[in-house]
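Here, each number is a calculation from the coordinates, and none is a lab measurement. Just so we're clear, the structure is a prediction, and the values are computed from it rather than from any experiment. Glycine also receives a Cβ, built like all others from the backbone with ideal geometry; neighbour counts cover every protein chain displayed.
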Amino acid sequence: MKYEPDKQSPAQIKDTVAEKRKYNILNVDAARQVTRTWLESIDLVDAINFGLPEIDDRYHVWRVPLVGKYSQERIGEAVIDAYTSLLITDKSTAPETLEARLLHRKTTPKRNTSYKKKSYKPSSLRNTVILGDAEEMLSELPHESIDLIFTSPPYFNARPEYEDYVTYEEYLLKMQKIIRACHRILNEGRFFVMNISPVLIRRTSRSHSSKRIAVPFDMHRLFVEEGFDFIDDIIWVKPEGAGWATGRGRRFAADRNPLQYKPVPVTEYILVYRKHTDRLIDWNIRTHPNQELVKASKVEDGYEKTNIWQIKPAHNKKHPAIFPEELAAKVITYYSFVDDVILDPFAGIGTTGLAATKLKRRFVLIEQETKYVEIIRERTKQWLGKDAANVLCVNCPPISVDNMLL
């Protein structure tokens, strides 16, 4: 039931959502063709007509309404994966239900026992350090093998160290591909938490103005498009004076002219998303196979009660932009269980791994800069001692602990 698109000239193809997403199903005719093939396979093609297919780009599917040929009543829908062009049987109306509605029979819904019996699936991954591009390396990880993702992606050309993208659109496309890859490997109903902030593109000369880009709001759109549900926006507040080095606000402080006012940024966003599922969060807790680990993960008194977190920024000569260990520790504590696997696809020098280890979680750290991976490999010896030898190293040498003191 896979659809093979016809070749079209550039003039025939419009700039639609389907083209932008690079779907295999580009139009309503293609969606109908897949549906017709499915109906033929269940011997209902002569009894059912189609309504107008609609694209649901939040979940990357086409929805094709199914209408009784003689009654003209809607009796169900076919749901098609827009990328693979395959019919999604568990989301489409069941053949027996279609047949019963065509014959105006009462149907007795089957109890979805698999829904109730399915439980949280523990990951078998061990502590892992990976050298390579996040988009490529994520494709190598097993399906639903990660329990929490916490990261701070690289800035968009805000500093010389990060000027890797020709345009902002290119940067967003890269982030979208990584978010999509993370959706595949994240366990059902688990969380992706991102530390992100607007960036200031400094002016190139006195005759040009600087530009401030609202990256968090564009990033939110990508998460929703890739199948995540928005949960919370947490505001990380830094001590007064922390943002004065940006130079923002100094002109106004000197002249006090209206229109020149620009507040000094002392906040960043912690955006919290959950992989879309029909199951409640309570399901992730109740079906965990080791309830002792759930009890061991209880959050102690003194937790953050509001979405305003006061945390001092961190600095390290070995990396120009690290987030504080305290921030990683809070996120890991609130959004994971003991022994869960925590992924950071932009690991830097491994702060997420450090916090995960202290909180008795496992880590998967991906970093494309060799110099930072070397730092992570050395730091694991401090975190794990002799057990650092058991860390899986991908595209980099194994960790040697032969010369370590007991």
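At a Förster distance of 41 Å, what's the computed FRET efficiency of Glu300 paired with Val394, Cβ-Cβ distance as r, to 0.05? Could the numbers behind the result be given before it?
Working: r = 35 Å, r/R0 = 0.85.
It comes to 0.70.
Any idea what the relative contact order of the stretch 10-107 is, in percent, if you count C-alpha pairs under 8 Å spaced at least 6 apart?
Details: 137 pairs, mean separation 21.6, N = 98.
Relative CO of the stretch 10-107 lands at 22 percent.
Size of the stretch 121-394 from its Cα atoms: along the principal axes, largest to smallest, the extents are 63, 38, 34 Å. Counting neighbouring beta carbons within 10 Å and listing from fewest to most, the residues Trp236, Trp62, Trp309 come out as Trp309, Trp236, Trp62. Taking a spot 7 Å from the Cα of Leu52 along the direction of its beta carbon, which residues of the stretch 73-98 have an amide N less than 19 Å from it? Backbone N within reach: 73-80.
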